[in-house]
Each structure stands twice: as structure tokens, then as C-alpha cells.
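J.: Just dropping this structure here.
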Ligand code: SF4
């Protein structure tokens with residue numbers, strides 16, 4: 001439908017004519033265009049246009065003409081019926097609920113294809129020769145027809161066929177129809193329109209005057225070019241209507257949203273300038289998702305359902321599970337406390353969570369517990385789905401859902417759709433069944449997954465749609481993304497439950513490559529007629545492989561040309577934030593900072609990181625693991641080594657004592673056992689299988705035994721101290737330090753040791769911005785005595801080593817070191833100690849002065865090891881960093 005046709009349809013509708021569209025999206029688009037035209041004419045009120053989408057047209061006409069009282073199945077009911085029939089077939093694939101419902105969906109599709117393309121095959125005798133899976137489907141179809149007859153039910157797929165008969169016998173005069181947005185008219189549709197009477201299709205208007213085909217290097221560049229093009233179009237004509245076509249809008253939705261927000265954002269508009277014509281599953285919308293999660297969580301034993309910790313964290317953070325802000329804050333505080341106390345779990349039942357602390361809001365616990373008891377009582381026996389559907393809103397209301405916050409317009413719409421989904425689940429009792437709670441919950445989840453939700457259109461100037469969904473949409477200009485040889489024409493597979501020859505003969509979707517080509521050609525021509533200006537694009541690199549231009553598009557638009565230079569993103573994007581020089585600093589007044597040496601390590605890595613952790617108490621959020629976390633394993637290793645080197649009565653204190661041990665393996669086994677007995681809390685023991693902890697004990701025993709064998713080859717030493725606590729004052733900043741171990745070497749000097757099980761290197765101490773200052777800090781400020789060296793003890797299976805700086809490593813640490821060893825080649829020097837000391841003092845002064853700029857030492861590596869991105873919003877402001885880098889030279893020169 002081009003400009004001319006749009007005017008024709010507009011005039012037709014204004015005169016009260018009826019238009020039938022291929023989809024409800026096309027009906028909405030047509031209605032919006034009609035209303036816009038009336039507004040442009042200066043009208044303030046006008047009769048509603050008579051537009052019906054295909055399904056509504058069929059249904060309303062059937063309801064007007066048919067009086068036999070059969071129940072029209074909704075999608076959930078029809079799928080349940082197919083699932084029951086498939087389940088009764090005792091096929092292996094139908095024994096489990098998930099596969100059974102997937103098969104039911106396939107059977108629904110096959111039924112719909114037969115009804116639309118070859119209705120004669122709905123007669124069972126015509127399918128007698130079908131074999132294998134097709135024969136199984138044929139049997140299900142017979143059972144489906146019988147069930148519909150017995151239950152006086154009718155599938156929506158049969159309505160057009162029934163309607164054709166009704167129209168043929170009905171003598172009423174019917175108004176002429178105009179069809180809009182049909183890429184192809186299916187055989188059943190053609191028969192129905194013929195039976196209706198007079199009908200016509202909208203004439204295709206002239207093809208676009210300007211057609212371009214662009215080639216981009218990769219998908220990101222292509223998407224950016226499209227967003228920039230939209231932005232330029234709207235800058236030139238703010239009233240322009242733009243249509244962006246993409247084939248994988250659901251998969252790339254986030255990426256598309258980010259690109260369009262970045263390049264088309266407007267300071268004048270509160271809402272984005274774009275909208276997707278296709279919604280997202282209701283199960284991914286926060287309000288219904290929270291409701292379903294709560295219902296799952298309230299399910300107590302015997303079918304108790306636990307929430308994964310990240311699910312629970314999300315649920316609590318939404319506020320949809322709390323009746324007041326105080327309650328919500330208290331629940332969030334509890335989640336944080338769980339982590340800080342090491343009480344995290346991978347999954348939480350409500351009973352476990354409620355029993356985990358006395359600090360949970362009492363009213364919340366009582367409400368939830370009461371709701372759980374209520375549900376428990378009601379769920380003792382199967383109920384009618386309609387009873388479950390009435391019970392669910394009361395249950396959710398009792399626990400405080402949807403929360404204390406006033407709902408936004410989009411949330412109200414989601415709330416309404418949730419209510420409809422619950423009603424749809426309640427309608428599953430159409431066959432008189434009673435179902436258990438779990439089955440109702442599963443059915444509700446399926447309905448949420450299959451219901452697409454899009455908030456009411458705000459008539460954004462940029463509409464983003466798929467090729468099929470765009471039928472009936474018109475615009476001032478169109479951009480078609482991803483038009484490469486593999487994706488356009490779009491391929492697909494034949495239906496697995498219908499014989500292939502039937503599909504080929506009937507011309508069903510994807511039955512032959514030629515059919516796909518013809519459909520893609522029709523859609524391409526329709527898009528070319530949808531706007532005066534049409535752009536196609538593709539990227540040479542797509543999903544890691546080389547792509548070629550679509551031959552179909554080349555046919556219409558010629559060979560692809562490079563993207564115009566103005567459609568490339570500028571080297572540094574205009575930042576979303578406005579750069580403001582904020583030289584203000586809030587000095588740290590307390591003098592003593594919690595966090596030990598890590599504060600100054602962070603100050604060196606990124607001043608904001610030190611500020612956020614030490615002064616705002618910000619912390620990262622590691623997901624709970626089924627086994628011990630890396631941190632817990634590290635703590636156990638430290639505890640075992642401390643226990644070994646702590647000296648009598650249970651440990652040892654020197655190389656000679658180590659070498660004198662009669663049975664090193666037994667000694668270590670005993671130490672590890674004692675540590676596990678003391679360090680593994682009751683909670684951890686409950687959550688982890690006994691055998692798993694035994695294996696962890698064994699692994700640690702082997703690791704430490706190997707390490708001690710390595711240490712046994714050292715030059716003589718005694719352990720001066722382990723797990724040493726000390727307090728130091730640096731330029732007015734007081735820090736509490738803890739060091740793993742200090743050894744006295746054979747020249748009476750001291751060796752500072754830090755145990756590490758990961759990959760570390762002394763290069764992390766390199767000036768001017770060290771990545772780690774713990775050992776230099778300890779060596780420079782906490783040690784009394786002559787420093788012999790500072791080393792990482794790398795305790796790693798099969799790869800034990802010391803790495804660091806030692807005055808004379810060969811004489812005091814390991815006698816077998818060669819001249820090529822880094823320990824020998826790069827010894828500790830007095831100059832290094834002086835430089836480290838002054839660097840650390842400067843870091844302390846900076847911290848005290850409140851220096852807190854977002855300035856990662858080595859972007860992006862430093863940020864990849866930091867959990868504070870959500871606080872500093874580094875990724876969002878990446879462009880600022882680029883700008884800062886570009887002007888770094890100038891800043892230095894100014895200073
Ligand atoms: S993420 Fe990067 S910029 Fe942000 S605080 Fe951490 S280190 Fe600094």
C-alpha cells in the first residue's frame with residue numbers, strides 16, 4: 001500500500017467502508033493513520049473507522065451467523081486439548097509435560113496449515129495413506145475432532161471453513177470489502193472472501209523513487225548507520241514516519257534498543273523516538289514475572305518450589321513483594337547481609353529464607369506464611385481451573401503484590417494482561433477437569449510465555465518491525481536491516497507432522513525454496529511500495545562468518561554500495577552525560593579506614609573504587625555457587641597454612657622441623673581435617689553433600705602437601721609470624737593490616753609472604769600506578785627489622801613457585817635458582833623501597849583528601865576485575881574516558 005493506495009483506503013474508510021487487514025498490527029496502524037489524517041484536517045471528533053483484522057472479522061461474522069452454541073476454544077484450551085490427546089498416545093516424547101506441550105503446539109500448527117491450505121485433508125479418509133509421524137498426527141486429529149464433537153467445541157482454525165458454508169446459504173446483502181496488508185491470500189481466505197461477495201485488494205502504489213543497498217563491515221556498524229540515518233531523517237523533517245525492518249527483532253532487541261537510544265535520543269521528548277511493533281513475552285515483563293515467582297515460592301511441601309538466589313534478589317529488588325517501602329528496604333538489607341555473612345545459597349525456599357534471620361519484617365513474614373498455609377490448605381486436592389483463577393488474585397493481594405509503588409501506565413497495562421492470562425488459565429476447565437496446583441502454575445507459565453505484551457503505542461516516529469509484521473504499514477522512508485543472501489529470502493524448515501509432498505503440493509510455507517523466494521519477493525515489492533525512499537543494508541561479517549549480499553535485493557536495488565560517511569558513528573560518541581569539571585573533594589575525616597591495604601590498592605587502580613568501597617561501603621555481588629566459592633577455598637587454604645606454620649603444639653615453625661616430619665602426608669591430613677572441622681559452618685555442611693566436602697578436603701591436602709615439599713627445598717628459615725595483624729599510620733591515614741606470613745631468612749633478614757592460588761606477578765607493584773600495594777605497604781610501613789624480600793607464594797597444583805623481589809634470592813630463598821630466574825635477575829633494591837614508600841604515602845594523602853575521580857588504571861582490564869560498574873556507570877560514560885585520553889597531553893602540559 002503506497003501513497004496513492006493509502007489515500008484510497010482513507011477515503012474508503014471515511015465513507016464508512018469496511019477494511020479487513022491481515023493482522024491486528026496492520027489494523028492498528030491503519031486506524032492510527034486514519035486518525036492522524038482527521039487531526040490534520042483540523043477535526044476534533046469523527047466516527048471510528050470500520051477496520052477489522054482477519055481473525056476478528058471471521059469470529060464476529062461467525063458469531064453473527066451461527067447459533068449452534070458450540071464453545072470457541074481459546075489458544076490455551078486448544079493446546080490443552082491437543083496435549084491431552086498427545087499424552088494419551090503414550091508416545092515416548094509425550095511422557096514429560098514440556099515435550100508434550102511442545103508437540104501439542106506443533107499439532108495445532110499442523111491443524112491450522114491443513115485448514116488454511118488443504119481443507120479436504122481434514123477428512124480422516126483422505127489421510128489414510130499417511131505414515132510415521134504424519135500418521136500419528138492424523139490419529140490425534142481424529143481424536144481431536146471426536147473430542148470437539150463430544151464437548152460441543154470448535155477450533156478457531158475451523159471457523160473460516162464453517163463460515164464459507166454459512167455465507168453460501170445466507171441471503172443477506174453484505175457490504176463490499178477492501179483488504180489491506182495481505183502479502184498473500186491463503187486458499188481458505190480467498191474462498192471465504194468469494195463467499196462473502198464483493199471484495200478487492202488495495203492496489204500496489206508505485207515503487208519507491210529512491211532505493212539504496214548498503215554494505216557495512218559488521219552488524220554493529222550496520223545498526224549504527226540505520227540509527228544515525230533515522231536521526232538525520234527526523235532532524236530534517238520532525239514529522240517524518242520511519243519504518244525499520246529487522247528479521248531478528250526478538251533476539252537483537254536489547255542491542256537495537258541501545259543503538260537507537262544512543263543515536264536517536266531527543267532532549268525534547270520524554271519517551272523514546274522508536275517503538276517495536278512486536279511485544280515481548282508476558283513472562284519477561286516485571287509485574288507478571290514477579291507474580292508468578294511469588295506463586296511458585298508460596299508452594300510449600302510436598303511440591304515445594306525454591307527460587308534461585310538471583311531470582312529472589314530480583315523479586316525483592318522490584319518492590320513487588322513488599323507492602324511498604326520500609327518492608328522493601330528491610331528485605332533488600334537482608335539479602336545484602338546474607339552475602340556479607342557468607343550465608344548465601346543457590347536456592348531458597350520461603351521457609352529457609354524466613355527462618356534465616358529475626359531481622360526480616362515481621363508483618364511480611366506473617367503475611368507470606370499465612371498465604372502459604374492458605375495455599376497449602378486449598379491445594380490439598382485438585383480444584384477446577386476457574387477456582388484456581390479466582391484464588392490466585394486473592395493470594396497475591398494477601399502477600400502485598402503488586403507492591404506499594406503507584407503503577408505506571410505500562411504497568412497498569414501489564415496488570416490487565418496478567419489478569420487476562422490468569423483468566424485464560426482458568427478457562428482450562430472447559431472439559432470439566434480438576435487439576436492440581438502445580439498443573440495450574442505450569443499452564444499459567446505457558447500462557448505467560450506465549451502471550452506477547454507491548455504497551456500501548458505512543459505513535460513513535462520510528463516503528464521497528466519484522467518483514468511479515470510490517471504488512472499494512474506505510475512510512476516516509478524505510479530501512480531494511482540484515483538483507484544478506486542467507487537471511488533474505490528467509491528460509492525455514494517444513495512442518496514435521498505433515499507429509500512433505502502434501503506441503504509441497506499445497507504450497508505451504510518453506511515447502512520449497514521457490515516458495516520462500518516468491519514470498520520474499522512479494523514482501524520486498526510491498527516494502528518498496530510502502531515509502532518513497534527505501535534503504536536496504538547487510539553486513540559482510542555476520543555471526544562470525546562472511547556474508548554476501550542478497551541476490552533478491554540486488555535485483556531491485558543493484559549491487560551494494562559502501563555506507564555513506566555520514567552514517568558512521570563519530571570516533572567518540574557524544575556522551576549521554578554532560579562533562580562537568582567537578583574539582584570538589586570531600587576530605588576523609590575519620591583517620592582510620594576499614595578495608596586494610598586494599599584501600600590504597602584501589603586508590604591506585606581507580607580513585608573512585610577506593611572512595612566507593614571504603615566510604616560508601618559498596619560491594620560486589622557474587623552469585624552463590626553450588627560448591628565452595630573461590631573465596632571460601634582461599635580462606636581454607638590460608639587457614640590450613642596458618643595452622644601448619646603456627647608452631648607448637650600442633651604446627652611447625654622452621655625448615656628443619658618441616659624436614660624432620662616423619663610422615664608429611666599424615667601431618668597435613670590432620671591439619672586439614674582440623675581446619676575443616678572448625679571453619680566449615682553448620683549451614684555450609686547442610687547445603688553441601690558430605691562426599692563433596694570430603695573431596696575438597698582431599699584436594700586441599702594434596703595441594704598443601706605438594707607445597708610443603710616445594711618449601712622443603714628452601715634455604716634455612718624460621719617462621720617469624722603468620723596471620724600477622726598490625727596497625728599502621730600513613731600520612732595521617734590509619735589502616736589495619738593482616739599479612740599471611742613473615743619468615744626470618746638465613747641472613748637474619750625478613751621475608752614478607754602472601755599466599756596466592758591465582759595467577760599473580762610482581763609486575764603488579766610497578767610504579768607509577770601499582771596494581772597492588774599490599775606487600776610493598778607492609779614491607780615499608782609495618783615491618784620492624786631488616787627486609788630481605790617480599791614474595792607471592794603461588795600455591796597452585798603442579799605449578800608451585802615464589803615470585804617477587806628478594807635481596808639475594810639464591811643465597812636466602814632457593815639455592816637451585818639459575819641466573820635466568822626473575823628472582824635472581826631482578827633483586828629487591830633500596831631505591832625501590834623508597835619509591836614505593838613515597839607512592840603509597842601519596843595514595844594515602846589522595847584518599848584522605850577525597851580524591852575520587854573515575855579513572856581506571858588500565859581500562860578496560862581494571863574495570864573487568866571490578867564490580868562497581870553499576871555505580872560508576874563506566875560503560876555508559878566510556879566516551880568521556882576516550883575524550884579524556886585524547887586530551888591527556890594537554891592536561892599534563894597545563895600542570
Ligand atoms: S568499574 Fe572501573 S571505573 Fe568503575 S570504579 Fe571500577 S575500576 Fe573504577
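J.: Looking only at the stretch 685-722, filter to residues that are free of Cβ contacts under 8 Å to residues at least 24 places away in the same chain and surrounded by 16 or more Cβ atoms within 10 Å (Cβ to Cβ); which one of those is nearest to residue 635 (Cα to Cα)?
T.: 693
J.: Would you confirm whether any residue within the stretch 517-524 is touching a strand residue (DSSP E or B) at 6+ places or on another chain (Cβ under 7 Å) and within 28 Å of residue 220 (Cβ to Cβ)?
T.: no
J.: Do we find that residue 16 is in a loop (DSSP other than H, G, I, E, B), farther than 20 Å from residue 134 by Cβ and touching a residue at least 40 places away in the same chain (Cβ under 8 Å) in this structure?
T.: Answer is no for this residue.
J.: Then there is this: Identify, by number, the condition in (1) in contact (Cβ under 8 Å) with a residue 40 or more places away in the chain; (2) crowded, with 20+ Cβ neighbours inside 10 Å that residue 404 doesn't meet.
T.: For residue 404, the failing item is (2).
J.: Same structure again: So is residue 401 under 25 Å from the mean Cα position of the chain (by Cα), at pLDDT 95 or above and part of a loop (DSSP other than H, G, I, E, B) or not?
T.: Here the answer is yes, as residue 401 does meet what is asked.
J.: Evaluate the stretch 468-491: report whether one residue or more is modelled with pLDDT under 95 and within 30 Å of residue 129 (Cα to Cα).
T.: The answer is yes, given that some residue of the stretch 468-491 is modelled with pLDDT under 95 and within 30 Å of residue 129 (Cα to Cα).
J.: Same structure again: State yes or no: is residue 645 farther than 24 Å from residue 343 by Cα and either away from the ligand (no atom under 16 Å from the Cβ) or surrounded by fewer than 22 Cβ atoms within 10 Å (Cβ to Cβ) (or both)?
T.: yes
J.: Shifting gears a bit: Let me confirm something: among 823, 881, 833, which residue is modelled with pLDDT under 95, surrounded by 21 or more Cβ atoms within 10 Å (Cβ to Cβ) and part of a helix (DSSP H, G or I)?
T.: Exactly one of 823, 881, 833 is modelled with pLDDT under 95, surrounded by 21 or more Cβ atoms within 10 Å (Cβ to Cβ) and part of a helix (DSSP H, G or I), namely 823.
J.: Could you check the stretch 583-612 and list, in sequence order, the residues that are at pLDDT below 85 and either part of a strand (DSSP E or B) or within 16 Å of the ligand (Cβ to nearest atom) (or both)?
T.: 592, 593, 595
J.: If you don't mind, there's one more thing I want to ask. Considering 143, 150, 195, which residue is surrounded by fewer than 13 Cβ atoms within 10 Å (Cβ to Cβ), closer than 30 Å to residue 499 by Cβ, more than 35 Å from the chain's Cα centre (by Cα) and modelled with pLDDT of 90 or more?
T.: Answer to the check: 150.
J.: Taking residue 815, is it on the phi > 0 side of the Ramachandran plot and surrounded by fewer than 23 Cβ atoms within 10 Å (Cβ to Cβ)?
T.: Criteria not met by residue 815.
J.: Checking residue 542 against (1) modelled with pLDDT of 90 or more; (2) surrounded by fewer than 20 Cβ atoms within 10 Å (Cβ to Cβ), only one condition comes out false. Which one?
T.: (1)
J.: A further question on this structure: Quick check on the stretch 838-877: of everything there that is in a loop (DSSP other than H, G, I, E, B), farther than 16 Å from residue 616 by Cα and within 25 Å of the chain's Cα centre (by Cα), which residue is nearest to the ligand (Cβ to nearest atom)?
T.: Restricting to residues being in a loop (DSSP other than H, G, I, E, B), farther than 16 Å from residue 616 by Cα and within 25 Å of the chain's Cα centre (by Cα), the top hit is 874.
J.: Residues in the stretch 413-426: is at least one outside any helix (DSSP H, G or I) and either at positive phi or free of Cβ contacts under 8 Å to residues at least 12 places away in the same chain (or both)?
T.: No, there is no match, as no residue in the stretch 413-426 is outside any helix (DSSP H, G or I) and either at positive phi or free of Cβ contacts under 8 Å to residues at least 12 places away in the same chain (or both).
J.: Okay, moving on. Mind counting the residues in the stretch 24-67 that are over 22 Å from residue 174 (Cα atoms), out of contact with any helix residue (DSSP H, G or I) (no Cβ under 7 Å at 6 or more places or on another chain) and in a loop (DSSP other than H, G, I, E, B)?
T.: Selection size over the stretch 24-67: 5.
J.: Check whether at least one residue in the stretch 631-651 is free of Cβ contacts under 8 Å to residues at least 24 places away in the same chain and touching a helix residue (DSSP H, G or I) at 6+ places or on another chain (Cβ under 9 Å), and report yes or no.
T.: Yes: one or more hits.
The values are calculated or read from the model by the stated rules, or taken from the named source; none is laboratory data. Small disclaimer: the values here were computed from a predicted structure and weren't measured. Cβ sites come from the backbone with ideal geometry, for glycine too, and all protein chains shown count toward neighbours.
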